[in-house]
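Following: one structure in structure tokens, then a few remarks.
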Amino acid sequence: MESGDCIKILNLHKDFCQHCKNSNDCVVSVSVDKTIMLTNYVNSVECLRTFISHLNTVNCVKILSNERIMSGSVDQTVKIWKTQTSAFLQTLNGHKNTLKFCVKRK
């Protein structure tokens, strides 16, 4: 395979994908459709989990560990999720504007 060759197309969201991060055999993507998807892309394109709780476009995602991800949205919230079950764990409120980036503090 030469550099720049397309090897897979992930077309699972119902609207535009805003951001994605890869981890091992999976990619975590966020969308204008207000969802986050954990997708296996190695052998086939298979959505493993869908995370739903944001009230507006999800702009960013950060993989915190093998067990948790963090997402930021136009709804001005940061949400923490359990990746193995797609369980919503926590909302971090207090932002006054749209969240565009998720950064893990060291």
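The values are calculated or read from the model by the stated rules, or taken from the named source; none is laboratory data. A quick note: this is a predicted structure, and the numbers were derived from the prediction, not measured. Don't worry about glycine lacking a Cβ; one is built from the backbone with ideal geometry, like all the others, and counts go over all protein chains shown.
Of the residues making up region 34-62, those that are in a strand (DSSP E or B) and surrounded by fewer than 17 Cβ atoms within 10 Å (Cβ to Cβ) are 40, 46, 47, 48, 50, 52. Assessment of region 21-33 against the conditions (more than 18 Å from residue 69 (Cβ to Cβ), in contact with a strand residue (DSSP E or B) (Cβ under 6 Å, 6 or more places away or on another chain) and surrounded by 11 or more Cβ atoms within 10 Å (Cβ to Cβ)) yields no matching residue. Taking first residues from region 23-42 that are aliphatic (A, V, I, L, M) and partners that are crowded, with 20+ Cβ neighbours inside 10 Å and not in a strand (DSSP E or B), the Cβ contacts under 7 Å between residues at least 6 apart in sequence or on separate chains come to 37/13; 38/83. Tally time: how many residues in region 84-102 are in contact with a Phe, Trp or Tyr (Cβ under 9 Å, 6 or more places away or on another chain) and crowded, with 17+ Cβ neighbours inside 10 Å? Residues flagged as in contact with a Phe, Trp or Tyr (Cβ under 9 Å, 6 or more places away or on another chain) and crowded, with 17+ Cβ neighbours inside 10 Å within region 84-102 amount to 1. Residues that are basic (Lys, Arg) and closer than 17 Å to residue 52 by Cα do not occur anywhere in region 87-97. Pairing residues of region 86-97 that are under 15 Å from residue 35 (Cα atoms) with residues that are modelled with pLDDT under 90 and basic (Lys, Arg), at Cβ distances under 6 Å and at least 6 apart in sequence or on separate chains, gives no pairs at all. Taken across region 98-106, residues that are touching a residue at least 12 places away in the same chain (Cβ under 8 Å), in contact with a Cys (Cβ under 7 Å, 6 or more places away or on another chain) and part of a strand (DSSP E or B) do not occur at all.
Return a yes/no flag: does region 62-73 have any residue that is more than 25 Å from residue 98 (Cα to Cα) and at pLDDT 90 or above. Looking for residues that are more than 25 Å from residue 98 (Cα to Cα) and at pLDDT 90 or above, one finds at least one in region 62-73, hence yes. Only a single criterion out of (1) touching a residue at least 24 places away in the same chain (Cβ under 8 Å); (2) in contact with a Ser or Thr (Cβ under 7 Å, 6 or more places away or on another chain) is not satisfied by residue 16, namely (1).
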